[in-house]
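The values are calculated or read from the model by the stated rules, or taken from the named source; none is laboratory data. Here the structure is a predicted model, which means the values were calculated and not measured. Here the Cβ positions follow ideal geometry from the backbone for every residue, glycine too, while neighbour counts run over all protein chains shown.
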Amino acid sequence: MHTPSPPVMPGLAERPSRVQWSHDVLEVAGLSDVGLVRAKNEDSFYIAEPPRADLARGVLLAVADGMGGHLAGEVASSCAVDFMSTYYSDEPFDGTIEEKLSQKVVQANETLLALAQTSQMLEGMGTTLSSALLVENGKLVICHVGDSRIYLLREGELEAQTNDHSFVGEQVRLGLLTEDEARVHPARNIITRALGIRTRVEPELSTLDLKPGDRILLASDGLHGYVEEAQIRQALMESPCASEAAARLVGLALDAGGMDNVTVVVATIREIDRMIERLADKSPGLAYAKTLPGLEEPEK
Ligand code: MN
């Protein structure tokens, strides 16, 4: 006898813990692990997955780290990354790509606030959201809220492209704490910007020009909160492909005790000129948007 399954909370449809694809100009892998201590994985990630020949409309990557009791953290992070997939909807938009991404984050915040009103189980939910869009002019547009991070590895140098919106992050920027001190500080979990908490959210935006060989890493704090940047850099440098890099990074977090959920998305730029060509190919019908399994397709 088949018994009806209990109603699924919004956003709690099956979430992938591993995604990878390889394209002649770009290679991407995402991996999420509950860790060794927590009972649930409240992190989520999103990777837009293009059909083989098409990278039109950009490739969107996102990592979110949810918080809140019961199911709230999972719902918050999952809904936030799912909402970002509406970036690919055809709603008219006049502004720049930066403005569109930023608008999506603001709307994701509103969506979470409204959702939190619908169930006591969702009260107090919030999430970080770090998103990166590879666009047709060979640029990477970053839109970020919270203490997840986006790194760029270029010519052997690893550099965070985002600021931590956290109490200790501010202290580090003011020179009052070192990175090592911040990692063990008792107030390290205090986040100063997140989605789902306040009616106003101010995403941090930045744009950079990509080069061949660049590796982009999006990570929840389950990685950089426990693993030193020198080790992160080494793992990225020494891994021949994005999926191995992702596996090694998650392995480092587990070796460090697996105290938190850990999620990484790694993208390797193989060839920039052809990537620009592909990204600029706006032929109708070639648009893609891959949502998470079990979630609805974004409006076309
Ligand atoms: Mn975390």
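Per-structure values
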{"item": "Where a residue in the stretch 239-258 is free of Cβ contacts under 8 Å to residues at least 24 places away in the same chain and its partner, wherever it lies, is in a loop (DSSP other than H, G, I, E, B), with Cβ under 6 Å and at least six apart", "result": "R248/S239"}
{"item": "Filter pass, E159 being over 21 Å from D43 (Cβ atoms), more than 15 Å from the ligand (Cβ to nearest atom) and part of a strand (DSSP E or B)", "result": "yes"}
{"item": "Among (1) farther than 23 Å from K139 by Cα; (2) modelled with pLDDT of 85 or more, the one test that E14 misses", "result": "(2)"}
{"item": "Some residue of the stretch 207-229 being assigned to a helix (DSSP H, G or I) and either more than 16 Å from the ligand (Cβ to nearest atom) or at positive phi (or both)", "result": "yes"}
{"item": "Residue within the stretch 108-119 that is more than 16 Å from the ligand (Cβ to nearest atom), crowded, with 23+ Cβ neighbours inside 10 Å, under 16 Å from E204 (Cα atoms) and not hydrophobic (A, V, I, L, M, F, W, C) present", "result": "yes"}
{"item": "Top-ranked residue of the stretch 205-237 - restricted to ones that are under 16 Å from the mean Cα position of the chain (by Cα) and charged (D, E, K, R), ranked as nearest to N137 (Cα to Cα)", "result": "R215"}
{"item": "Selection from the stretch 202-225 of residues that are surrounded by 21 or more Cβ atoms within 10 Å (Cβ to Cβ) and either closer than 28 Å to S243 by Cα or at pLDDT below 95 (or both)", "result": "L210, I216, L217, L218, A219, S220, D221, G222, L223, H224, G225"}
{"item": "Of the criteria (1) within 24 Å of S166 (Cβ to Cβ); (2) modelled with pLDDT under 85, which one T127 fails", "result": "(2)"}
